[in-house]
Every structure is written in C-alpha cells, then in structure tokens.
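J.: The structure under discussion is supplied below as structure tokens; questions concerning it will follow.
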Amino acid sequence: MRVIVVDDDFGVLHSIKRVLSSKGFDVVALQSSEGLEEYLPESDLLLMDIRLEGERGTEVMEKLRAKGFNIPVIFITAYADADAVVSASRLGAVDVLKKPFSSQELLQAVKNALEFVPKLEPSYSKELKVVGSSRAMFEVFKKVGLACQNELNVLITGETGVGKEVVAKLIHENSLRRKGPFVILHCPAIPWDLFEAELFGYVKGAFTGALVDKKGKAKLAEGGTLFLDEIGDVPYKLQAKLLAFVERKSFFPLGSSREEKADVRLIFATNRDLKKMVEEGKFREDLYHRISQLEIQVPPLRERKEDIKPLVEYFIALANAELGTSVEGVEEQALRKLMDYSFPGNVRELKNLVYKAVLETRFGKIKDFALHEEKNNPSFEKALELLLDAVPEEELPNLLEKVELYLIKKLLERYSGNKSKVASLLGISRNTLESRLKNLK
C-alpha cells in the first residue's frame, strides 16, 4: 500500500517514512504540496501537516476535495489550534495527530484510516475562536470537528465556567446550520411551571396572562441550533415531555392541539454527573441516551495549566480593546501565581481576574492578580511538595508514620471519634485502624 507524507520538517518526514517503511508501506515523502496530485490516484492514504511553509494543509486539502480526490487523510500538527483541528475534521480527516506522537500512535492511526470509508461534506469557514493549546483541549477540538459533520444530539459536560457554551457555539458556527440562529435556553433561569411555555411557546388564552401567541425557543431556533444549558437541573416530572420533543423533533405549543415540527439541531450541557443521577432515579435513562449521542467533556482549567498563559494573553487583548487600556503582558511572578491557583471558577474566573488586573494596571505589565486566598487551596501534589520542602532530611525516615498518624487523628476529630466511619473512608477495617493507631503511638 502506498502512503503519501507531506511535511516541511525534514526530520519529521524522515521519521514517519522510516516507521511506515519498516511495516512494508510504500512511502512517498514530500516537503510541500507541489507534485502531490500526480501521486494521489495510485495512493491509499495521505498524511499532511496542517501548517506547511507558505501554505496550510487544510487549504490544500479543500482544493483537492473540490477536484474530487477522496483519499483518506490524517493531519499532523504541533499546535492545538481550534480552527485548524475543527477544519481538518470538517474536511473528512480520519484523525489528527499532535506532535510529538509515538510510532505506536502513528501506526494505529494509519491502520484506522485504511479501514475508514470517507464520508465527505462541504467545508465551512470558522468565525469563532477558542483558545487552548493543551492536549486535553486538542481532543475536545477533534470531537467538535466530528460533531460538525452530522446532526447527532450533543451533550457537553464539564464544571461551571469551563466554556461549555463556547464549545456549543463553535459546533454551530462550523455546522451545516451555521447560517441559522443559535438560541440558548438556560434551564435553571426559568420557573419550572413556565418551562414548557418558554420551550414550546403558547397560544393566546392558554393561561392567565397569555394575551397573544408567543413562539418558544424551539421555534425561534428554526433552521439553526437550540442549546439547552444545564439540562441536568430539569425536574424529573418535566423530563417525559422533553424526551418526546427530543425523539420526535415536534411539539405542541401550550393551549394548542396542533403539532408543530422543529427543524433544529439540539445541543445540551450540564455540570452534573447525569449517569449518577440516572442511577439515583433523578434523571431518565432514556432521555440521557437520547441527548448524549455524542458526548464532549471539557476539562477543568486546573487539569490543563498549559492553557493559562495563552488564555491570559487572549483576555488581555480583549480587555485592552474593550476598556481602552494598553497592558502589554504579565510579570513572571504574577503568571506563576496563576499557575499555582486551583481555579474553582475555571476559565470564567480567569477572565474576570485578568479584566480586573487590566483595569488596575492600565499600562505596562500586570504585576499581581487579586486571588481569593480562601479559594486558593493547593492541589494534592502541591501540598506534598510543600510538605517535603518543610521536612529536614534527617526526619525523612519517620515521615510516612507521622503523616499517617496525623491523618488518622484529624479524621477522628472531624467525625467525632467514629472509628468505623474513618476506617470506611480509608478503605480498611476498624480492627486495622485500631492496630495502626496502637503501633504509631
């Protein structure tokens, strides 16, 4: 089988060729797209860098698709750029590999690609920018690209403030429905007795105060995307009607006997654990499966610290444009302070911190951020690091015993001396707990 590899980095090109050639592939190595078309008819797979010297791999691929070349493609990149990764997926890429990648990752991607039958759709440009250079966000961008290729219901999960709405907008802006409206229904913001009226609308006289017909969010989103935020907050008694709407894409406005069709793409988001809620009987299992045909989990900021610096730079640029300030960046010690912070409010909290700092600084570089110390709890790893820094080397042999005794005593204080409870929390028997206490004293 013949594989074409296009990358302007000779080292990468040579490494990929060596790995694939060792597995029996006939490899054509090119440092630009020049001459690429002549090899395509007799080739089985194309690997191409997204950023080539003087050109973009996605633009090259878009031209090839327009000419009818439907060869499976794997894009490779050193950058977790949302626009590029989403564009690659929209162009029918089987996979996107982030440099550096292992030989095993490369061979598995090639294997998957050769088993793949491309399902191509027209490509679309992007207008929404999402900032993130971490591998975690790279995986999010890949899933967003998949979501753009179809009309499946999408469930976006993640903690408050991670950017679930931004991800939903990114899907909409790159989908077949990008020219239609993007309508948001923030579920908890609506009194539950008005939820159906807000979602499905109502006709005149449906209830006291319904003086005129009113369209619901489902109708306002016609031809576009309806984003139901915090779906996990919807009471169980309302979930049956929501399920019927999701399944049939149709609804009855309140007070009407006429069923209306809903030409909408549905995207849902929640900060709750819906699987656990299903187990507890608080969320319908059939509704969960319907809304999560494709699930995208957005990781918290504390798990992708490498995104903090580019996010700070991005928010400074936004703040300067909005506030008329001229902040040029961040002092190193201020950035380190952010890197050590746990960010319980995630990206939303970071944005607020940056905007406040920009307002106070106005010119030059930000020297400090006003973090709430009570929220700035160190991570487990950071706490251990602080502990090691505080313990002299001569006391290290007894460190484990001291830590264990301290932990058990503190837990006993917290739970009013309930040894059974503490033993259960630590995953040991009560007898084992008492034995350890005796040996440690």
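Residue-wise test of (1) out of contact with any Phe, Trp or Tyr (no Cβ under 7 Å at 6 or more places or on another chain); (2) at pLDDT below 90; (3) among the charged types (D, E, K, R).
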{"site": "K17", "(1), (2), (3)": "yes, no, yes"}
{"site": "L40", "(1), (2), (3)": "no, yes, no"}
{"site": "S43", "(1), (2), (3)": "yes, yes, no"}
{"site": "E53", "(1), (2), (3)": "yes, yes, yes"}
{"site": "E62", "(1), (2), (3)": "yes, yes, yes"}
{"site": "R65", "(1), (2), (3)": "yes, yes, yes"}
{"site": "D83", "(1), (2), (3)": "yes, yes, yes"}
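J.: Hey, another quick one. Mind listing just one residue for me: the one in region 347-370 that is in contact with a helix residue (DSSP H, G or I) (Cβ under 7 Å, 6 or more places away or on another chain) and either of a type in the set (D, E) or more than 14 Å from F315 (Cα to Cα) (or both) and, of those, modelled with the lowest pLDDT?
T.: A370
J.: If you don't mind, there's one more thing I want to ask. Filtering region 172-197 down to residues that are touching a Lys or Arg at 6+ places or on another chain (Cβ under 9 Å) and among the small types (G, A, S), which residue is modelled with the highest pLDDT?
T.: So, considering only residues that are touching a Lys or Arg at 6+ places or on another chain (Cβ under 9 Å) and among the small types (G, A, S), the one modelled with the highest pLDDT is G180.
J.: If we scan region 307-317, do we find a residue that is assigned to a strand (DSSP E or B), buried (at least 20 other Cβ atoms within 10 Å of the Cβ), free of Cβ contacts under 8 Å to residues at least 60 places away in the same chain and assigned by TED's automatic domain parsing to the domain that holds L350?
T.: Checking region 307-317: not a single residue is assigned to a strand (DSSP E or B), buried (at least 20 other Cβ atoms within 10 Å of the Cβ), free of Cβ contacts under 8 Å to residues at least 60 places away in the same chain and assigned by TED's automatic domain parsing to the domain that holds L350.
J.: Do any residues in region 281-297 that are under 18 Å from A240 (Cα atoms) have Cβ atoms under 6 Å from those of residues that are in a strand (DSSP E or B) and at pLDDT 95 or above, where the two are at least six apart or on different chains, and which pairs are they?
T.: I291/L155; I291/F268; S292/L155
J.: Can you list the strands (runs of 3 or more DSSP E) lying wholly within region 143-238 that have 1 or more residues being of a type in the set (S, T, Y) and in contact with a Phe, Trp or Tyr (Cβ under 6 Å, 6 or more places away or on another chain)?
T.: Because the criterion is at least 1 residues that are of a type in the set (S, T, Y) and in contact with a Phe, Trp or Tyr (Cβ under 6 Å, 6 or more places away or on another chain), the strands (runs of 3 or more DSSP E) in region 143-238 that meet it are 225-229.
J.: Considering only residues that are outside any helix (DSSP H, G or I) and not aliphatic (A, V, I, L, M), which ones fall in region 390-406?
T.: P392
J.: Would you tally the residues in region 180-203 being of a type in the set (D, E, K, R) and free of Cβ contacts under 8 Å to residues at least 12 places away in the same chain?
T.: 1
J.: Applying the selection to region 204-221, what residues are touching a Gly at 6+ places or on another chain (Cβ under 7 Å) and either within 24 Å of K179 (Cβ to Cβ) or touching a residue at least 60 places away in the same chain (Cβ under 8 Å) (or both)?
T.: Passing the criteria: K215, G216, K219.
J.: I'm trying to understand the selection: among the residues of region 407-424, which are assigned to a helix (DSSP H, G or I), surrounded by fewer than 13 Cβ atoms within 10 Å (Cβ to Cβ) and not aliphatic (A, V, I, L, M)?
T.: Selection gives K410, E413, R414, S420.
The values are calculated or read from the model by the stated rules, or taken from the named source; none is laboratory data. In this text the structure is predicted, and so the values were computed from the model without any measurement. Cβ coordinates were reconstructed from backbone atoms using ideal geometry, including for glycine residues, and neighbour counts include every protein chain displayed.
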